[in-house]
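S.K.: One structure is given below, represented as structure tokens, and several questions about it will come after.
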Amino acid sequence: MYVASETRMTAAQEPDVAQPPAWNPNQQRAKHGGVVVLPVQGNVYVLAADGANITVQVGRDGILLVDASTGQMNDDILAAIRGLSNQPIRWVINTHVHGDHTGGNEAIFRAGSAMPQNRIGSGLNFPGSLPSGAVIVSNETVLLRMSGVTGGQPLAPQAAWPTLTYIGQGRELYVNGEPIQVLHQPNAHTDGDSLVVFRHSDVVSTGDVFSTISYPVIDLETGGSINGMIDALNGVLGVTFPAEKQEGGTYVIPGHGRIADEADVVAYRNMVTVIRDRIQDLKDKGMTLEQVKAVKPTLDYDRRWATASWTGDMFVEAVYRTLPPSLATAQR
Ligand SMILES: [Zn+2]
């Protein structure tokens, strides 16, 4: 009796606690301007806007986002988030530095507010004035590039910079009653990639180490590499589970494209590995980049995975340049 009444009181005091949404796409799917909202699993949703996917986790602590899109559709994105929860935006995790993932940082920082206990630790990059906005989390290299420590020119104004960075293997957060792992993937798409694992909702947000629409983009200027990319895809597979003899299980939100599951990542990892091995073999035989391109080692995959902005040739070149030289070539 006593327990029951206390339970009711708690619920009444916290009317905004988001319940895990039932899997009902017709009921949950919503559109705000150009932004489509889809339920994923547990407390996690995805917003599809003009840039990279935005992952949204909702609950009683507030709202946590993974990535912030381009910054061109901030009003629609904030309206879409308001459609899910009226709690404050507390956290934004940037999977990496690219503008289609971080362009909305400043607007979301200003629209949000850190929980009181998080403001102290997040003030490190704002000497003299603690930030009142959302806490922006990333690998340290993302801050170094955005602030101009790396590269000489700041990529964004200070309000867009990460305020809570990590070095090493990653960082753990506990938000909305859920353990969240931010796991560094060294030298994959860039040198600052993070996977974000929602352990209770059973969802992984991958940033651009996984895509359902193109070959993996390897950004040579920011330290990407093919072997780091394959390690990162294996890292995704290390935290995903298939459902028993069926699709589903852990859901995977790519940087670009549709919601996927472990089988999609396995097929993608295998495709990337086959292409890597072909190019390594050709490079080991002493072939130049031009000779390798002429062989067309991606030909059988190009219809599915090549795009106008990231062609088979561009992928081949990035793979070739970031593979280690063969022993045979080195001894010549
Ligand atoms: Zn990217």
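S.K.: Label I167 and A79 with points 7 Å out from Cα along Cα→Cβ: what is the distance between them in nm?
M.R.: Computed distance between label sites I167 and A79 equals 4.4 nm.
S.K.: Something else: Under 10 Å, Cα contacts only: if you run a Gaussian network model on the chain, which one of W161, W91, W310 comes out with the highest mean-square fluctuation?
M.R.: Residue with maximal mean-square fluctuation among W161, W91, W310: W310.
S.K.: What percentages make up the Cα-Cα pair-distance distribution of the chain when the bins are 10 Å wide from 0?
M.R.: Calculated over all Cα pairs of the chain, the distribution is 6, 25, 32, 22, 10, 4, 1, 0, 0 percent.
S.K.: Which one of N234, N43, N187 has the biggest mean-square fluctuation once the chain is modelled by GNM with Cα springs under 10 Å?
M.R.: Judging by the Gaussian network model, the answer is N234.
S.K.: How much length would be gained if the chain were fully extended between E244 and A263, taking 0.36 nm per residue of separation minus their Cα-Cα distance, in nm to one decimal? Before the final figure, lay out the partial values.
M.R.: Numbers: separation 19, 0.36 × 19 = 6.84 nm, distance 1.24 nm.
5.6 nm is the gain from fully extending E244 to A263.
S.K.: Considering all projection directions equally, how large on average is the shadow of the alpha-carbon convex hull of the range 249-327, in square nanometres? Could you put the intermediate results ahead of the total?
M.R.: Working: hull surface 24.2 nm².
Here the figure is 6.1 nm², rounded to one decimal.
S.K.: Assuming a strict under-26 Å limit between Cα atoms, what lysine pair count do you get for the chain once near-sequence pairs (fewer than 8 apart, same chain) are dropped?
M.R.: Final tally of qualifying lysine pairs is 4.
S.K.: Let me ask something additional. Net charge near V295: determine it from the other residues with C-beta under 15 Å of the C-beta of V295, scoring Lys and Arg +1 and Asp and Glu -1.
M.R.: On the way: positive: R276, R278, K283, K285, K293, K296; negative: D277, D281, D284, E290, D300, D302, D313, E317.
Every neighbour counted, the sum reads -2.
S.K.: Taking the alpha-carbon centroid of each part, what is the distance from the range 240-278 to the range 31-81 in angstrom?
M.R.: Here the answer is 22 Å between Cα centres.
A short reminder: the numbers here are calculations on the coordinates, not readings from a lab. None of the values given here were measured: they were computed from a predicted structure. In this analysis, Cβ positions are derived from the backbone assuming ideal geometry, glycine residues included, and neighbour counts consider all displayed protein chains.
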